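Working notes, beginning with the structure itself.
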Amino acid sequence: MARTPSNMLPLGTQAPYFKLVDTVSRENYSLEKLKGLHATVIMFICNHCPFVKHVNNELSQLAKDYKSKGINFIAISSNDVENYPEDSPENMKANAIEQGFIFPYLYDQTQQVAKDYDAACTPDFYVFDQGLKLTYRGQLDNSRPGNDIPVTGTDLRYALNCIIEDKENLTTQKPSIGCNIKWKN
């Protein structure tokens, strides 16, 4: 398994605009349409990565736990589907349904959105406040496949709770670790 870290976009960065197709509904959605009332979590994930498979249940639970608090989740896959057919839009839809995702699972066919966010790995997490300014980027928690640490979403949950409680997140933000995004040649 490759172990690629996040690039750690600077805090305060304005969320880059995008408009992508949701693989489940087949609707085109913009960031403006999908953003949450209080915060927006943007996750770069995919189907085949063992690091993502390891946290899928927690991603579903997080979205369910925070939706009523005005926080929306958006998943994006930017992988090259020619060389990684498991990450195709059809397979993304099947995976979203199987995992019980209550958030859109968007397909970044051109890979431009991943480039705009300086995404490096799957999973890669970004939390934006209500003004779409970056307040957190990095890991879900310390769990990784095979390290026997339970998946809890501790780091991401803390970042979201800071927004809800209107307090500054002063903890060290650690990069996510996962499979590198599969760039087209």
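Among the residues of region 82-95, the one identified as small (Gly, Ala, Ser) and either closer than 12 Å to Val21 by Cα or buried (at least 17 other Cβ atoms within 10 Å of the Cβ) (or both) is Ser88.
Number of residues in region 120-142 that are surrounded by fewer than 14 Cβ atoms within 10 Å (Cβ to Cβ) and in a loop (DSSP other than H, G, I, E, B): the value is 1. The set of residues in region 147-170 being of a type outside the set (A, V, I, L, M, F, W, C) and either under 22 Å from Lys69 (Cα atoms) or in contact with a Pro (Cβ under 9 Å, 6 or more places away or on another chain) (or both) consists of Thr152, Gly153, Thr154, Asp155, Arg157, Tyr158, Asn161, Glu165, Asp166, Lys167, Glu168, Asn169.
Within region 19-46, the set of residues being touching a Lys or Arg at 6+ places or on another chain (Cβ under 8 Å), farther than 14 Å from Gly131 by Cα and not aliphatic (A, V, I, L, M) comprises Thr23, Asn28, Tyr29, Ser30, Cys46. In region 143-152 there is no residue matching the filter, namely being closer than 20 Å to Thr40 by Cβ and surrounded by 14 or more Cβ atoms within 10 Å (Cβ to Cβ). In the set (1) under 15 Å from Asn56 (Cα atoms); (2) surrounded by fewer than 19 Cβ atoms within 10 Å (Cβ to Cβ); (3) touching a residue at least 12 places away in the same chain (Cβ under 8 Å); (4) out of contact with any Asp or Glu (no Cβ under 8 Å at 6 or more places or on another chain), Pro175 fails one condition alone, (1). Quick one: would you say Arg26 is of a type outside the set (Asp, Glu), closer than 30 Å to Asn147 by Cα and exposed (fewer than 14 other Cβ atoms within 10 Å of the Cβ)? Judged against the criteria, Arg26 is not a match.
Residues that are of a type in the set (A, V, I, L, M, F, W, C) and more than 20 Å from Arg137 (Cα to Cα): does region 23-39 have at least one? Yes, region 23-39 has at least one match.
Beta carbons closer than 7 Å, at least 6 apart along the sequence or on distinct chains, pair a first residue in region 78-100 that is touching a residue at least 40 places away in the same chain (Cβ under 8 Å) with a second that is in a helix (DSSP H, G or I) and buried (at least 17 other Cβ atoms within 10 Å of the Cβ) for Ser78/Val113; Ser78/Ala114; Asn79/Asp87; Gln99/Asn56; Gln99/Ser60; Gly100/Ser60. Just wondering, is there one or more residues in region 46-63 that are touching a residue at least 40 places away in the same chain (Cβ under 8 Å), in contact with a Leu (Cβ under 8 Å, 6 or more places away or on another chain) and under 22 Å from Lys19 (Cβ atoms)? Looking for residues that are touching a residue at least 40 places away in the same chain (Cβ under 8 Å), in contact with a Leu (Cβ under 8 Å, 6 or more places away or on another chain) and under 22 Å from Lys19 (Cβ atoms), one finds none in region 46-63, hence no.
Within region 30-51, the set of residues being within 16 Å of the chain's Cα centre (by Cα) and under 13 Å from Ile74 (Cβ atoms) comprises Ser30, Leu31, Leu34, Lys35, Gly36, Ala39, Thr40, Val41, Ile42, Met43, Phe44, Ile45.
Scanning region 96-119 for residues that are among the hydroxyl-bearing types (Ser, Thr, Tyr), part of a loop (DSSP other than H, G, I, E, B) and crowded, with 21+ Cβ neighbours inside 10 Å returns a single hit, Tyr117. Scanning region 162-184 for residues that are part of a loop (DSSP other than H, G, I, E, B), at pLDDT 95 or above and within 17 Å of Phe125 (Cβ to Cβ) yields Gln173, Lys174, Pro175, Ser176, Ile181.
The values are calculated or read from the model by the stated rules, or taken from the named source; none is laboratory data. What you see is a predicted model; the values in this text were computed from it and never measured. Glycine gets a Cβ as well: all are built from the backbone with ideal geometry, and neighbour counts include every protein chain shown.
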